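The values are calculated or read from the model by the stated rules, or taken from the named source; none is laboratory data. Being a predicted model, the structure only gives us computed values, none of them experimental. Because the Cβ atoms are built from the backbone with ideal geometry, glycine has one as well, and the counts that use them run over all protein chains shown. Side chains included, ligands, DNA and RNA excluded: accessible areas come from the protein's heavy atoms. Shrake-Rupley method; radii C 1.70, N 1.55, O 1.52, S 1.80 Å.
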Amino acid sequence: MKKTVIATGAVAAALAAMPALGAFADVTDTVILTINGSCTIGQTQGSPVQGGGVEVKEENAVNNQLYTWDADGSQGGTLKVTCNDASGWNVKAVGSSTGSPVTSMSTTGSGTPIVTGTAESGATSNWMFKVAGTGVVSPYNAWASVPGTATKVASGEAAISEGTFYTGYQVWVSATQEAGTYTGKVTYTVAPGA
């Protein structure tokens with residue numbers, strides 16, 4: 001009889017360790033998705049050049065003449081910004097010519113570089129730029145000197161924001177500007193934050 005009591009006790013202990021019939025247990029799956037902040041800028045029309053952007057040019061320029069590629073989507077560049085950051089986006093512009101200073105139109109010949117400025121006549125050649133479209137910052141909505149450091153020219157405040165803007169350029173060629181091919185460059189960069 002002693003053995004039976006021990007066996008019954010072991011079975012009772014095993015049954016006590018099992019969950020009661022009719023009890024419920026919860027299991028929760030957790031799904032985590034991280035979307036990285038992304039702001040992009042791209043060309044939507046214009047003649048593409050290596051590295052992005054557009055090339056605007058006049059191959060038969062003459063002295064004492066003003067050349068304009070307006071910021072209207074047909075002559076200069078047309079750029080589109082897309083950004084999913086809650087703080088919005090901003091576009092900065094900076095001169096990136098190969099000469100010194102980077103804001104000048106440099107030449108591979110012996111001519112004097114064309115400095116940035118807003119003169120449309122006179123004894124000194126100048127070149128300038130303008131931005132039109134979504135969120136443009138003054139004074140860059142009118143002809144302005146090319147900045148030598150990265151400077152905000154446009155912005156958007158909303159997340160999942162898109163903006164289209166247009167870049168234009170103007171060059172005044174003075175009566176004394178030497179013959180040659182002159183090249184000026186402006187680099188546009190987008191970043192989060194309006």
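Of all residue pairs spaced 6 or more apart or on separate chains, those with beta-carbon atoms under 6 Å, a first member in segment 167-186 that is on the phi > 0 side of the Ramachandran plot and a second member that is at pLDDT below 95 are G180/T107; G180/G109; G180/G111. Out of S74, S97, one residue alone is surrounded by 18 or more Cβ atoms within 10 Å (Cβ to Cβ) and part of a loop (DSSP other than H, G, I, E, B). It is S97.
Within segment 50-65, does at least one residue satisfy the condition of being in a strand (DSSP E or B) and modelled with pLDDT of 90 or more? Even if it seems obvious, please write down each step before you answer.
If we filter segment 50-65 for residues that are in a strand (DSSP E or B), which is where we start, we get 54, 65.
Restricting the remaining residues to those that are modelled with pLDDT of 90 or more gives 65.
Checked segment 50-65: at least one residue is in a strand (DSSP E or B) and modelled with pLDDT of 90 or more.
Consider segment 130-162 and keep the residues that are more than 14 Å from A71 (Cβ to Cβ) and outside any loop (DSSP other than H, G, I, E, B). The one that is modelled with the lowest pLDDT is S161.
Yes/no per residue for (1) open to solvent by 60 Å² or more (accessible area, probe 1.4 Å); (2) among the β-branched types (V, I, T); (3) under 30 Å from N60 (Cβ atoms); (4) in contact with a His (Cβ under 9 Å, 6 or more places away or on another chain):
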| site | (1), (2), (3), (4) |
| --- | --- |
| A123 | yes, no, yes, no |
| V153 | no, yes, no, no |
| A158 | no, no, no, no |
| Y166 | yes, no, yes, no |
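Residues that are within 19 Å of Y140 (Cβ to Cβ) and among the polar types (S, T, N, Q) within segment 84-111 comprise N90, S96, S97, T103, S104, listed in sequence order. Considering (1) outside any strand (DSSP E or B); (2) of a type in the set (G, A, S); (3) farther than 30 Å from N63 by Cα; (4) touching a residue at least 24 places away in the same chain (Cβ under 8 Å), the lone condition that G111 does not fulfil carries the number (3).
Of everything listed in (1) crowded, with 19+ Cβ neighbours inside 10 Å; (2) small (G, A, S); (3) in contact with a Cys (Cβ under 7 Å, 6 or more places away or on another chain), the single unmet condition for G135 is (3).
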